[in-house]
Every structure is written in C-alpha cells, then in structure tokens.
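S.K.: Quick one: structure below, then a few questions.
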Amino acid sequence: MIHPSNSKIQIEQIPTSSEKEVSYYMFEFVKSYLYSLYSSNRKDNELNVIRMTAFGDHSNGKPGRISISDEKGSDFFRVSNMYVDTTVEFQNGLYAISFWREKELGSPTMNYINILGIDAHATQSDELHQFLINEAMHFSPYHNAFLEIIPTSSEFPCDSEDVQVRMTNCGNDALSEIYLPQNINDHIALFIHTLENYKCVNKSLRYLLAGKPGTAKTKIIRALANTCKGKATFLFTNGNERRIESLFRLVELFSPVVLCIDDIDLMTGSREEGLYSSQLAYFLQKMDGFVKRDFFLLATTNDKRLVDLAASRPGRFDLVIDVNLIHPNLYLSLVKSKTANENVIELFDEEILETMNRKKVTGAFIANLVKHLELISVFEPNKLTQ
C-alpha cells in the first residue's frame, strides 16, 4: 500500500503587479512623496525607498539624476521628471515603481504609475498603490489648504485634462463681522460643526446660498472657511469654470473636502434655457452618484430661480438658504464695525439711516460707503457732510 506523504507541499508565492492611470496631481505628489523618503527628509516605518532615478525620455534607457524644485514651499520638493524609476521595500517585499507620461496628438496627457513585484514576498502591489496615494495626498502641500481653480486663460497652461490650482487665502473675513439672522447663523454653525467633527459623524452637508448681489454670500463662505482652516481642503471656483468633470476628479483626491462654487447657475445652466446641457447633466450625475461621504459643497446664486430645479432639489443640496438684505436695525452696528472714526459714525443719524432703509441698501454698499468716507476724512475732512 502506498501511503500519502505527510510532508507539506509549499506553494511559492507569485509577485504581483499593478498599473493605474492617475490624475496630474496624484502623479506629481506620489513622485515627490517617494523622493522625500529617499532623501531622508521624511520617515515611514512601512516603506523604504532604496533607489530612485530619472530618465529624459520613456524610450531612453539612460538613467539620470532626479530634478527637484521647492516651488510649493521649502518643506515640499517637487520631482519635475516625467519618467522616474524607483525600487522600494514594502511589507517585506521588493517592488519596482515606474512613472511615465504619454501624449498623443489631439489627446490629453495620460499619467501612469506601474508597480511590479520583484521578489517572492512582493504580493501586495494593489495595497502599495493605495498606500502611496493616501500618504502622498496627506503629506502634500494641498492637504487641508485653501486652493483656487486657475482659469484656462491664465498664464499657467496645463496640457492635461486636470484643472490647475494655486494656493490662496480668504483674507480676514470673520463670521462675527457678518450680520445675519439667527436661523442662518444656526445653519452655518451646523455646517462648521459637521465638518470639524467629520471623522465622528461621517456625514457631509451641501448648502446653496441665494440672494441679491451685496448680501454677503461669498463673504459668508470665506469667513466659514477661515473658521475651519486646517480642518479640510477648500476648493474655490466660480460659474465660469466649465471643466466640471475635471473639477470633480480633483475633489476626489481630498478628504474631507469643501467645494465652493460662486454663481453656480453660470456653471450648470438650466434645461429650460437650453444652456450648458452637458455640464448640467454631468453635474446632476455627480451630485446623485457621488459616493464620497467626505464631500461638502457651498454654492451661491444671485437668484435661485436661475439654478436648475433638478440641481437644487433636496438630496443634491441639503438646504437652500435665502440670504436677504441686512436688517435696518443693524445698519449702525455694521458702520461701527467698519470704522472707529467718530466723525464718520456721527454722519449716520436717523435721517440718513431712514434714507438707507428706503433705498434697501446692502451690507456691501454700507462697507464700501464707510471706506470712502474714511478716505475723505483724511484728505478732505471739510467735505464730510450728510
């Protein structure tokens, strides 16, 4: 009788591979993150970069040095090479990582990251890909920053489909300086609390602010952003931006993220008007099917009737907030918040305040008026008359 052997048969593990097309920003940030490990500017207990070389061309087999720049800040060095080869150790396995770009005539630039396992322990290529994406975005200069979408006509052209951004700021706008009804303040407070505690509540909010020009809609958003600074990435754009698909592709990189769109009606149009039908269709698709729970939205419009009803219905926006003109009882308080010049403040007597009420002035008008009065008080104080 033949007895089966009691010895175990060892099955040799097969190294894995993974290739992904990624966005322009992901391509840049992963290269730069790996360089920060390679140059010992950063430490990671799970990843060790052994070798990193560059090539002048994907078809050129001659390796060269990595080229870097610190254009994003002294603590972030961007690898400017388009073709890079790297060897790393991840979870006890060795991997070769290749970066390259492809550009065909009439087509956008495609960015690729290829990961190839090169020893028997290298069986986690997909996991390594996700690890690199998460770490690269977390340590990028855009993480939890204020970013402004650059118009296509700017001096910073991009040969890829992706929108370009630059870091920005929101000035000194503060919610305490904006005079709003209590119900609106409550809604804003809920948005801030939800964003700041996103990791606990795991829910997001999307608000549409509607009101006439000068009612502080944009100022509210910028003040809200200042309140939440460092808690999320804020992306600022306006209705002139037509690259909605690219815009949402950028949104998907960050967590949590707040997309801020000024004059959203100009971006999406309306099916009744027959304008921008493709942009509207894609916008509705993303608002319906967006699976990112960490995607917040703040948008403005001068007239909510201009926003397609399907785009503004519940489920796409959680709330439509009507931002009205400043209440006449708050005129003088706003004046005093904008100046300490008693000569200017004294001008706003009951007659002037009543005139302002009849004319239904906006908060923006009052702020601008006070600024001009202050200038006159400096250069031609005798002209300071009611």
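The values are calculated or read from the model by the stated rules, or taken from the named source; none is laboratory data. All figures in this text were calculated on a predicted structure; none of them were measured in a lab. All Cβ positions, even for glycine, are placed from backbone atoms using ideal geometry, and neighbour counts span all protein chains on display. These accessible areas exclude ligands, DNA and RNA; they are computed on the full protein's heavy atoms, side chains included. Shrake-Rupley method; radii C 1.70, N 1.55, O 1.52, S 1.80 Å.
S.K.: Identify all residues within the stretch 111-130 that are surrounded by fewer than 16 Cβ atoms within 10 Å (Cβ to Cβ) and either basic (Lys, Arg) or under 23 Å from residue 63 (Cα atoms) (or both); write none if there are none.
M.R.: Within the stretch 111-130, 112, 118, 119 meet the criteria.
S.K.: Another question, if that's okay. Residues 255, 176: which one is of a type outside the set (Lys, Arg) and in contact (Cβ under 8 Å) with a residue 12 or more places away in the chain?
M.R.: After ruling out the rest, the residue left standing is 255.
S.K.: If the requirement is being among the hydrophobic types (A, V, I, L, M, F, W, C) and within 15 Å of residue 298 (Cβ to Cβ), which of these qualifies: 174, 232?
M.R.: Being among the hydrophobic types (A, V, I, L, M, F, W, C) and within 15 Å of residue 298 (Cβ to Cβ) holds for just one of 174, 232, which is 232.
S.K.: So, in the stretch 334-351, exactly how many residues are open to solvent by 40 Å² or more (accessible area, probe 1.4 Å) and farther than 27 Å from residue 301 by Cβ?
M.R.: 9
S.K.: Still on this structure, please answer the following. Which pairs do you get when a residue that is among the charged types (D, E, K, R), found in the stretch 35-49, comes within reach of a residue that is open to solvent by 40 Å² or more (accessible area, probe 1.4 Å) and not in a helix (DSSP H, G or I), reach meaning Cβ atoms under 9 angstrom, with the pair 6+ apart or on two chains?
M.R.: Hits for this filter: 42/139; 46/91.
S.K.: Let me ask something else about it. Look through 365, 379 and report the one residue that is touching a residue at least 40 places away in the same chain (Cβ under 8 Å) and open to solvent by 60 Å² or more (accessible area, probe 1.4 Å).
M.R.: The unique qualifying residue is 365.
S.K.: With the checklist (1) in contact (Cβ under 8 Å) with a residue 24 or more places away in the chain; (2) touching a Ser or Thr at 6+ places or on another chain (Cβ under 7 Å); (3) more than 27 Å from residue 54 (Cβ to Cβ) in hand, flag the one item residue 120 doesn't pass.
M.R.: (2)
S.K.: Answer yes or no as to whether residue 264 is within 24 Å of residue 189 (Cα to Cα) and at pLDDT 75 or above. Can you show your working first?
M.R.: On the way: within 24 Å of residue 189 (Cα to Cα): yes; at pLDDT 75 or above: yes.
Answer is yes for this residue.
S.K.: Can you find a residue in the stretch 265-274 that is within 28 Å of residue 108 (Cα to Cα), surrounded by fewer than 21 Cβ atoms within 10 Å (Cβ to Cβ) and touching a strand residue (DSSP E or B) at 6+ places or on another chain (Cβ under 9 Å)?
M.R.: yes
S.K.: Something else: Select, from 53, 109, 86, the only residue that is of a type in the set (Ser, Thr, Tyr), closer than 29 Å to residue 165 by Cα and at pLDDT 95 or above.
M.R.: 86
S.K.: Could you grab me the full set of residues in the stretch 1-45 that are of a type in the set (D, E, K, R), open to solvent by 50 Å² or more (accessible area, probe 1.4 Å) and at pLDDT 90 or above?
M.R.: 19, 20, 21
S.K.: Please report, ordered by residue number, the helices (runs of 4 or more DSSP H) entirely within the stretch 131-248 with at least 3 residues that are open to solvent by 70 Å² or more (accessible area, probe 1.4 Å) and not basic (Lys, Arg).
M.R.: Output list reads 182-196.
S.K.: Among the residues of the stretch 355-371, which ones are within 11 Å of residue 216 (Cα to Cα) and part of a loop (DSSP other than H, G, I, E, B)?
M.R.: 362
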